[in-house]
1. If you check every pair at least six apart or on different chains, which have Cβ atoms under 6 Å apart with a residue in region 282-293 that is small (Gly, Ala, Ser) and open to solvent by 10 Å² or more (accessible area, probe 1.4 Å) first and a residue that is modelled with pLDDT under 95 and in a loop (DSSP other than H, G, I, E, B) second?
2. Which residue pairs have Cβ atoms under 7 Å apart, sit 6 or more places apart or on different chains, and have a first residue in region 509-538 that is at positive phi and a second that is open to solvent by 20 Å² or more (accessible area, probe 1.4 Å) and not polar (S, T, N, Q)?
3. Can you name every residue in region 518-528 that is assigned to a strand (DSSP E or B) and either open to solvent by 10 Å² or more (accessible area, probe 1.4 Å) or modelled with pLDDT under 95 (or both)?
4. For region 231-261, give me the residue count where each residue is farther than 26 Å from Gly301 by Cβ and in contact with a Pro (Cβ under 7 Å, 6 or more places away or on another chain).
5. Residues of region 161-180 being at pLDDT 95 or above and within 18 Å of Thr53 (Cβ to Cβ), which ones?
6. Take region 147-163 and flag every residue that is among the basic types (Lys, Arg) and surrounded by fewer than 17 Cβ atoms within 10 Å (Cβ to Cβ).
7. Do you know which residues across region 109-137 are farther than 17 Å from Tyr74 by Cβ and either of a type in the set (Phe, Trp, Tyr) or surrounded by fewer than 16 Cβ atoms within 10 Å (Cβ to Cβ) (or both)?
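The values are calculated or read from the model by the stated rules, or taken from the named source; none is laboratory data. Keep in mind the model is a prediction, meaning the values are calculated, not measured. When we count neighbours, we look across all protein chains shown, and the Cβ atoms used for this are built from the backbone with ideal geometry, even at glycine. For the accessible areas, the whole protein counts, side chains as well, though only heavy atoms, and no ligand, DNA or RNA atoms are used. Shrake-Rupley method; radii C 1.70, N 1.55, O 1.52, S 1.80 Å.
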Amino acid sequence: MATESGGNRNDEVKTKFAAREGTYTLQVLSEYSRPTRSPYSDAGNFPVTVSFTQLSKQNDTPERLAFSIGRELYVYPFKGIRKAADLTQPTDKRTYKGTFPTCHAFSEVHGKPEESLRLLIGFSAGQIQVIDPFRNENGQLYNHERAVEKSKVTCVAWLPGNNSQFLVAYASGSMYVYCIDSQTSNLPPVYQVFKQGENHIIFTCKTKSTRNPMFRWVIGDGAINQFRFSPCNQYLAVVSQDGFLRVFDFHTMDMVGYMKSYFGGLHCISWSPDGKYLVTGGEDDLITIYSFHENRVICRGRGHRSWVTSISFDPYTTSAIDNSTFEDVSDEESPGNAVTGKSPSARSSTSSRFSIRLDADGSTLPLTTYRVGSVSQDTNICLWDVTSDVLNSHLNRNRTNSHIARNSTLEIDVSHTQPSSVSSSQSNSLQPGINSNSAPNLVSLPSPQPSIGNGTKVKRNFTLGHKDKHSVRSSSALAQCMRNTVELQGKLLGTQYCPRLGDVPLLEPLTCKKLAHSMLTSINFYRDFIVIASQDGVVSSYARPNKQLLAIAPSHDSSDHQLSNHVSSRSRSQTHHLNGYAERAPPPSHMVSRGSAQW
């Protein structure tokens, strides 16, 4: 049972929730919302989404916040929990007509932020926009005629280390790679098959010169709900409405791992800080831990009562401790240590007491705890501790109901497997970006495998807009890809890719609390606080234990706005028309009201 299940039994919204390391507290003065603080009542099908960015590499605290509420998009200077939020001075505010912003992502900062920072936005009608959050400009628009794709944009991201290329996922089950420096046409693109697997096909445009989109990925049978790059930036994890998590080597475009949800679609995903594990959430109300290096489901967690909307590893309480120091760990709670210590609230299989685990060769394994946070449509936050006892449970499991089926074609090369680089005589936090094992040690994987390997090009054409013998041939390949996915779904239950509930450990949450009256849509972890967004349009910060600070009143000193001196001091409001088909020409100057602009 969850340690704080009282939040599940009534409708009282909590402002605090406890974990092993202490109590997290809501910082009321650090909430971000509309400038008028009026709640967002039109929930619809477009959740409130949040993006953060750091303006300097020396600072691990975000300094800019973007969030979308209905048809509105706001960009604010983010002050964390040290200063109160100033809602009267947004860096940028845009209101769209004819479409909704559904997702967005900041680019990486190279050099001066006001010169290199860009914001990528996806819309419900399929368009994509790249804007400069420091300037009052419309930015670049892609797919504005909807010739490439007409379905909703579900996820966007800049390619790691590249501020000129980005990846866009759609509800149609396709992903596209765009380059802001390449030519864009309003005509439907003509594709040819570049690479084909049993459950995915990759197309490239058939043109003499490079044009957008550069690549088209068709994956599985259903909408692509989210994707995430690994900490080493080499692998891409994709979760879809067909219930599959698929992991690709983004450079070779080969699928290197996969798993299946217990039932229903998967909505969210997160990589562990060391790149060894992934956690997913979706319509089965469960969280699922998947081992990337072992290509199997490790465990599941049950605590939510509705679909999981957002999930993330907490890199600041995820930690490892060497077995050699286990004898010195006392029963008293150790402040600031999320691994050791005995807490009265520990009532789940993720006990704070560890047993010594041995590898197959008799060597000791590091005692590791991964902290996971998840939010759901049930308005609750759940925190989970996944310990070494759970991660290594398959090594010494004797219970028949905990047996994990194995596929004989899966081979694991353990000769290069290394323990986490943070294992030491002391407990340490795994910080973001750590890449202790950048590549999975998989020699071979069970089906599905790419039927055409090594990037072999196939001379097939796929034309959007009219049918010919080439488009019929590629349409047949797409249909076969979907049939393979459907056939695979029925074969996975009871295997290591989709074990039954009794075949793997079933975790219970460390804590479970109701934090809002509307569904929670996003969760992000930072060193001093956790940021959670809700569908009523409020972005809240919860200070970590011993980090509660009295928010200082908002300052209007010029130093708070040194990065945007070229921006007008008044709040900028823009209204944009994306009518689903075309971008309207700017109106005459006498039609533009003060403080607004229309497309």
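1. Sorted first by the residue in region 282-293, then by its partner, the list stays empty.
2. Listed pairs, sorted by first residue: Gly537/Arg34; Gly537/Pro39; Gly537/Tyr40.
3. Within region 518-528, Thr521, Ser522, Asn524, Phe525 qualify.
4. 2
5. Scanning region 161-180 gives Gln165, Phe166, Leu167.
6. The answer is Lys150, and nothing else.
7. If the condition is that a residue be farther than 17 Å from Tyr74 by Cβ and either of a type in the set (Phe, Trp, Tyr) or surrounded by fewer than 16 Cβ atoms within 10 Å (Cβ to Cβ) (or both), then His110, Gly111, Lys112, Glu115, Ser116 are the ones that fit.
This table checks each residue for (1) open to solvent by 20 Å² or more (accessible area, probe 1.4 Å); (2) at pLDDT 50 or above.
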position	(1), (2)
Asp359	yes, no
Val375	no, yes
Cys382	no, yes
Leu395	yes, yes
Asn398	yes, no
